[in-house]
């Protein structure tokens with residue numbers, strides 16, 4: 001009997017090891033040698049699955065983005081008009097979401113000089129903005145927002161608040177605790193009539 | 001007569017060339033060879049002024065931070081209670097401020113794995129937060145804010161709005177024009193009673 005290798009599973013394993021490396025030691029630590037050492041496999045295997053370290057770095061970004069999408073979907077399935085839940089799904093309120101932001105901030109730096117990656121960042125940010133707009137419009141239709149709220153402006157403020165709070169919390173976690181992040185978010189939601 | 005070299009001026013020149021390199025091509029482009037080529041001087045001169053490229057990269061960050069401080073001081077000297085002006089001084093509303101944000105996002109990525117640089121980022125962000133709080137408290141003392149405004153929460157929202165809007169504008173300048181950035185900022189200021 002030949003031994004079958006589950007290539008997708010192997011790719012996922014290498015990606016997960018790479019993600020942990022990026023979170024702990026940054027994009028610069030992502031070398032074939034480091035990944036192979038962390039995975040306990042040969043460099044040849046790493047190179048077999050990923051053409052170069054940019055491709056592997058992108059896979060770690062995509063993995064973080066997928067986790068984030070799953071959290072968002074879970075909120076939307078529970079209650080599509082849960083504005084606070086939609087924001088909290090992408091705030092660094094626990095280890096998983098904090099790790100994701102470390103990957104995203106590393107990705108931003110690379111995206112500054114890659115038009116393809118900048119386009120991805122743009123799409124993701126636009127997706128967030130549209131998701132927030134959709135939710136606010138739904139709330140507005142039910143008369144749950146203050147009557148003078150401009151939905152588009154409010155979505156813009158919330159969409160900007162997310163990376164802003166994330167930057168504060170990543171670099172100053174003692175000051176920007178989950179409780180403080182939630183407090184600032186709640187204050188913004190209160191202004192538009194949500195509590 | 002011996003020829004005197006103005007070492008400070010030379011250091012500034014090399015820093016400015018490095019800053020342009022980082023803005024255009026990212027942190028990875030900052031090599032002794034690239035800087036020397038752009039400066040039209042020998043690698044020895046670059047190495048004479050900067051021990052390594054991390055030191056030079058930090059100098060480009062410090063230069064961007066200095067420009068930003070000058071813009072802020074200009075606003076404060078004109079009117080220390082100009083909340084909108086204080087925020088706009090650090091939004092990517094023109095080429096200079098956009099360039100600064102490119103340097104800062106590149107710096108963030110490096111700061112993820114450098115405790116010294118993370119501490120600098122933390123201090124700068126805290127400085128922004130305190131500056132906003134001070135301004136809002138002054139406005140509040142003059143009765144110019146809505147009476148129910150919590151100054152600390154409002155400062156937190158504005159401090160988070162800045163990097164959030166910057167991230168949108170850096171990666172999606174067509175959508176996040178200066179007019180749109182100002183519109184979202186104005187909507188936030190209107191909510192607390194400022195116009």
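Read-outs: derived from the displayed coordinates by stated rules, not from any lab. Quick caveat: nothing in here was measured; it's all calculated off a predicted structure. For neighbour counting, all protein chains shown are included, and Cβ atoms are generated from backbone atoms with ideal geometry for every residue, glycine included.
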Helix A:95-111 vs. chain A, principal-axis angle (Cα, 0 to 90°, nearest 10):
80
Spin-label point model (7 Å from Cα, Cβ direction): what's the residue B:45 to residue B:11 distance in nm?
1.7
Cβ-vector label at 7 Å, residue A:9, separations to other copies in nm
6.9
Using Cα springs under 10 Å in a Gaussian network model of chain B, which residue among B:64, B:179, B:159 shows the largest mean-square fluctuation?
B:179
With chain B treated as a Gaussian network of Cα nodes joined by springs under 10 Å, which of B:128, B:113, B:60 yields the largest mean-square fluctuation?
B:113
What are the semi-axes of the equivalent ellipsoid for chain B, taken as the square roots of 5 times the Cα gyration tensor eigenvalues, largest first, in whole Å?
37, 17, 15
How many Cβ atoms of partner chains, on average, are near each residue of B:169-176 if near means within 10 Å of its Cβ?
5
Pick from A:120, A:133, A:76: which residue has the top mean-square fluctuation in a GNM of chain A where Cα pairs under 10 Å get a spring?
A:120
To the nearest 10 degrees, the tilt of helix A:7-25 (Cα long axis) against the first principal axis of the alpha carbons of chain A is 70
Cα-based Rg and Dmax for the range B:47-89, where Dmax is the largest Cα-Cα distance (Å):
14.9, 45
Cα axis of helix B:151-171 to longest principal axis of chain B: angle in degrees, 0 to 90, nearest 10?
50
Express in whole angstrom the spacing between the alpha-carbon centres of the range A:28-62 and the range B:2-67.
32
Let me confirm one metric for peptide B:139-150, namely the mean number of other chain beta-carbon atoms within 10 Å of its residues' beta-carbons.
1
